[in-house]
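First up is the structure itself, then whatever we jot down about it.
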Amino acid sequence: MNTPAHPSFLSRMAIAIGSFFAILGNGRLAADIQRLRAGEALAADVAPPAPQAVRVEVPVETIVEKIVEVRVEVPVEKVVEKRVDVATDTAALQLLGLLQREARLVDFLQEDVAPYSDAEIGAAARVVHEGCRKVLREHFTIEAVRPEGEGSHVTLPVGFDATAVRLTGNVLGQAPFTGQLTHRGWKATAVRLPQLTDPRAAAVLAQAEVEL
């Protein structure tokens with residue numbers, strides 16, 4: 001900052017005379033001159049105060065992390081197990097084929113046994129019986145319907161299984177029934193027929209044989 005040059009004597013004389021009349025007419029100026037004479041520094045000589053840091057609080061929006069669950073459906077290929085059910089007539093033919101193979105049952109039933117003696121028929125029946133018994137044991141689990149021995153007296157309660165027990169004789173009224181067990185009955189609890197590679201082949205109960 002440049003310091004102004006000091007005025008000359010005449011200039012100071014002019015300033016003093018002008019200031020005299022100015023002080024008389026301006027009370028504020030007189031007060032300023034009085035403070036100056038008392039040793040207070042002029043405002044121009046006082047260094048301006050250092051700027052102070054002003055803290056300005058600016059509202060800041062709070063960022064909230066929000067987790068949004070989005071349901072995404074992923075197409076899943078549905079695997080359908082293909083099951084080949086054997087038709088009822090095919091299963092019957094398959095069983096008949098087994099009885100023919102093991103017991104020659106079809107041969108026996110198709111044969112006219114009238115010309116044969118009882119002994120001959122009995123001998124053939126023994127072979128058929130043995131083969132049929134083998135088929136039942138290998139491919140079925142057979143159990144008695146009633147556990148009691150034949151000839152025992154049994155009581156059938158209300159709601160008994162009419163598909164498993166057949167009433168004979170003089171049937172009157174409603175259950176419970178009490179009677180004599182004349183036959184225990186049989187039921188198959190498991191079936192183990194061989195798996196067919198060609199269901200159409202089940203119709204061939206016995207192949208024709210050609211000897212060369």
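Throughout, read-outs are computed from the coordinates displayed, never taken from laboratory work. None of the values given here were measured: they were computed from a predicted structure. When we count neighbours, we look across all protein chains shown, and the Cβ atoms used for this are built from the backbone with ideal geometry, even at glycine.
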Task: Label-point gap, in nm, between Glu148 and Asp89 - each point 7 angstrom along Cα→Cβ - done: 4.2
Task: Leu212 paired with Val165, simple spin-label distance in nm, labels 7 Å along Cα-to-beta-carbon - done: 6.2
Task: Net charge contributed by nearby residues that have their C-beta within less than 13 Å of Gly131 (K/R +1, D/E -1) - done: +2
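Using the Kirkwood radius over C-alpha pairs as Rh, can you work out the diffusion coefficient of the stretch 135-205 via Stokes-Einstein at 4 °C, viscosity 1.567 mPa s, in µm² per second?
Answer, rounded: 85 µm²/s.
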TODO: Tell me the chymotrypsin sites (Phe, Trp or Tyr not before Pro) within the stretch 144-208 that lie in a loop according to DSSP and have at most 16 other beta-carbon atoms within 10 Å.
DONE: Phe160
Task: Kirkwood-type radius of the stretch 113-162, with distances r between different C-alpha atoms, in Å - done: 14.9
Open item on the list: Net charge around Arg104, counting only other residues with Cβ within less than 11 Å of its Cβ (Lys, Arg = +1; Asp, Glu = -1)?
Closed with: -3
